[in-house]
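Only one structure is covered here, and it is reproduced in the block below.
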Amino acid sequence: MTAPHLEAPLDEALDQARAVADAVLFEGYVLYPYRASSAKNRMRWQFGVLVPPAFTADNGEHAEQRTDLLLEPRSGDRLDAELRFLHVRRRTVERLEPDGSYTEVPELELPDRVLVPWDEGHEERIRLHAPLAELTGEQAHTRTVTFDLPPGTEHEPVLDENGRTLGRLVRRRGRLSGEIRPYVEQLPGPYRLSRLTVTVRNTVDAPLPAHGSRDDALPHSMIGAHLLLAVEGGRFLSMTDPPEWARPAVAGLRNENTWPVLAGPADREDVVLSSPIILEDHPALADESPGPLYDATEIDEILSLRTAALTDHEKREARGTDARAAEVIDLVDTMPEAVRERLHGAIRGLREVTGEEDGGGTDGPRDPAAPSAAPAAGLPLPEGSGHPWWDPQQDPEAADAPTTVPIDGEAVGEGSRVVLAPGFRRTDAQDAFLRGCRATVEAVVADLDGEVHLAVVLDDDPGNDIRRQQGRFLYFKPDEVTPLREEEP
C-alpha cells in the first residue's frame, strides 16, 4: 500500500504534541552563530537519522526504529499515525555569466545576505489511518504504508534589487524510500491490554559510492524521524510511570532508537510522541520561549544576546545560509525588551512546592515568624533566616555528629588529610575523576537519617578559599576515603 501524503488531519489534540515535535525535528538544525562556515555547522543531523540499510555496517548508524507501547483500546477502534522527518536538499550556488551560462561559486554577495552552499532540510509527513482490528494477525501486513520520494533537481533564480538575474540556487534531492509497519497484539491476562508496535524503516536500495561517507548517505536518509500516534477514545499507558499492574508488561517492551511519551495536554492519554530524544510525559514548550532558536545546548537568553552581538557581515552570511537562520536573526533583532527580560528565567518547581503564583506572593498573608526561603546552596544565610536544608549541622533536630570518625585505626576529623577512594557501588562520573585525589577534611557531619559524612576540599583546587567561605564542599562517606600518611608520595 503506497500513501506518500495522505491529507486526512489528525485529531486536534495533536496540535500541542506537534509543536514539541517541531523542536525535536529541528533540534540542532543550524547552530549558533548560524553560519555555514562555522565548524559547529559542518557536522549536522545528530538525532533520529535513519540511513539506507547498505550504510549501517561499521558506521554506527541505524536503518530503522521501533516503537513499543501499551494500549487500552476502550471505545477507540482506529489508529492515526504520522511519521515526520527531514529530507536533505543539497543546495549549491551558481553565478550568471555574461554569455548566459552558469558557474558554480563558493558564495554570491547580495546587499542583505551572502548565499553559500548548504544542506537544507525539507519536512516530509507520511500518514497512516487504520482500524485497530486490521492491525492484528496475518492481515496486519496489508496495512503497511510504503513511500517512495523520487530524486529531483530544482532551480531558483537569484535577483538583485532591480529584478535582474545574478545567478541561481540549485537544489538536488536524492531518492528516499521507506515503510511504516504497525502491529497490534492483545496481551493475555485479566486486563484488556494490547501491545502496539510501529516499525519505521529506511528501504533505499540505491548503491552508495565505494567507501562512501556519512555525507553521501544523508540525501537518502530520514533525519529527525519521529512518530505521532493517536487513538481517540483509547488510552496509552505511560512508559515512565505506568500503573502498578502494568509494570511487568512495560518491562517486556522493546523500543529501539526512539522513546514514546504521552503527549498533548496533561489530561489526555490518547496521544503519544515517539522521539529520538528522550522526553518526559506531556512535554511542552516554555511559555517564555520567543521562537525556535535551533540550539538547545544554549540558554535562550545567552543565545539571544550573543546573536544580537553578531557583526553585520556575520548576520548577512547567516541570512544567506538558511531561511530558518534568517528568521532567528530577524527574531533577535526585533525582539521587544519585555520579551528579552522574560528569558531571564522562571521558577516553576518552586511555585508547585510552595503554592506561590508567578514567582511572588502566597494565597494569604505570610507569618512574620515563619523562616524565609533558603538561598541557593552554598550561599551564606542572613542572621535569623533559618537554616539551609542541606546543612544538617545547623538543624537543631538533626542527629548529633561526632567530631572524628575512626578510619583504618586513625581518628579522622577537621584538618585531617585523606585520599579519596569513592566506592564503586555509588560512583558517579565526578567520583571517577576524583579517585586517588588528596583532600582535607573540613567537617564531620550527619544527615537527618544519622548517616555520617566527611565534608572535604581538594588540596590542589585553586578555589579552596572561596569554597570554604561559601561552604561548598564535596561529601564522602568514611569508607570512601583513606587517611593520608605523610610518608606517602
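The values are calculated or read from the model by the stated rules, or taken from the named source; none is laboratory data. Small disclaimer: the values here were computed from a predicted structure and weren't measured. Using ideal geometry, Cβ is built from the backbone for each residue, glycine included, and neighbour counts are taken over all protein chains shown. Calculation scope for accessible area: heavy atoms of the full protein, side chains included, ligands and nucleic acids excluded. Shrake-Rupley method; radii C 1.70, N 1.55, O 1.52, S 1.80 Å.
Which members of segment 275-292 meet the condition of being more than 27 Å from TRP45 (Cβ to Cβ) and loosely packed, with under 14 Cβ neighbours inside 10 Å? Matches in segment 275-292: ASP287 only.
A Cβ distance below 9 Å, combined with a sequence gap of six or more or placement on separate chains, defines the contacts here; from segment 93-104, residues that are free of Cβ contacts under 8 Å to residues at least 60 places away in the same chain reach residues that are open to solvent by 50 Å² or more (accessible area, probe 1.4 Å) and hydrophobic (A, V, I, L, M, F, W, C) in the pairs THR103/LEU96. All told, VAL49 meets the bar of being within 17 Å of the chain's Cα centre (by Cα) and at pLDDT 85 or above.
Can you tell which of ILE180, ILE223 is under 19 Å from LEU135 (Cα atoms) and surrounded by 14 or more Cβ atoms within 10 Å (Cβ to Cβ)? Outline the logic, then answer.
Values: ILE223 fails: under 19 Å from LEU135 (Cα atoms).
Step by step, each of ILE180, ILE223 is checked, and only ILE180 is under 19 Å from LEU135 (Cα atoms) and surrounded by 14 or more Cβ atoms within 10 Å (Cβ to Cβ).
Close contacts from segment 32-51, counting a first residue that is on the phi < 0 side of the Ramachandran plot and of a type in the set (Ser, Thr, Tyr) and a second that is part of a loop (DSSP other than H, G, I, E, B) and open to solvent by less than 20 Å² (accessible area, probe 1.4 Å), with Cβ to Cβ under 6 Å and a gap of 6+ residues or different chains, come to TYR32/ASP295.
GLY76 meets the conditions (1) modelled with pLDDT of 85 or more; (2) over 30 Å from SER304 (Cα atoms); (3) open to solvent by less than 10 Å² (accessible area, probe 1.4 Å) in every case but one. The failed one is (1). Restricting attention to segment 103-161 and to residues that are assigned to a helix (DSSP H, G or I) and surrounded by 15 or more Cβ atoms within 10 Å (Cβ to Cβ), the residue that is farthest from the chain's Cα centre (by Cα) turns out to be GLU134.
For GLY233, are the conditions met, namely being in contact (Cβ under 8 Å) with a residue 24 or more places away in the chain and either more than 30 Å from ILE329 (Cα to Cα) or not in a loop (DSSP other than H, G, I, E, B) (or both)? Walk me through how you get there before you give the answer.
Working: in contact (Cβ under 8 Å) with a residue 24 or more places away in the chain: yes; either more than 30 Å from ILE329 (Cα to Cα) or not in a loop (DSSP other than H, G, I, E, B) (or both): yes.
When the stated conditions are applied, GLY233 passes them.
Anything in segment 36-64 that is open to solvent by 40 Å² or more (accessible area, probe 1.4 Å), assigned to a loop (DSSP other than H, G, I, E, B) and either within 24 Å of ARG181 (Cα to Cα) or of a type outside the set (A, V, I, L, M) (or both)? List them, or say none. Quick ask: steps written out before the conclusion?
We begin by selecting, within segment 36-64, every residue open to solvent by 40 Å² or more (accessible area, probe 1.4 Å); these are 37, 39-40, 42-43, 46-47, 53-54, 56-60, 62, 64.
The next check asks that each one be assigned to a loop (DSSP other than H, G, I, E, B); those that pass are 37, 42-43, 46-47, 56-60.
Within segment 36-64, SER37, ARG42, GLN46, PHE47, THR56, ALA57, ASP58, ASN59, GLY60 qualify.
Can you name every residue in segment 395-419 that is open to solvent by less than 50 Å² (accessible area, probe 1.4 Å), under 20 Å from ASP447 (Cα atoms) and either at pLDDT 90 or above or in contact with a strand residue (DSSP E or B) (Cβ under 6 Å, 6 or more places away or on another chain) (or both)? Within segment 395-419, ALA399, ALA401, VAL405, ILE407, VAL412, GLY413 qualify.
Can you confirm whether SER194 is over 19 Å from LEU70 (Cβ atoms), of a type in the set (S, T, N, Q) and in contact with a strand residue (DSSP E or B) (Cβ under 8 Å, 6 or more places away or on another chain)? It is false that SER194 is over 19 Å from LEU70 (Cβ atoms), of a type in the set (S, T, N, Q) and in contact with a strand residue (DSSP E or B) (Cβ under 8 Å, 6 or more places away or on another chain). Within segment 465-474, which residues are under 18 Å from GLY413 (Cβ atoms) and either among the aliphatic types (A, V, I, L, M) or without any contact (Cβ under 8 Å) to a residue 60 or more places away in the chain (or both)? Matches in segment 465-474: ARG468, PHE473, LEU474. Comparison of VAL261, VAL200, VAL272 shows that the only residue that is without any contact (Cβ under 8 Å) to a residue 40 or more places away in the chain, in a strand (DSSP E or B) and surrounded by 13 or more Cβ atoms within 10 Å (Cβ to Cβ) is VAL261.
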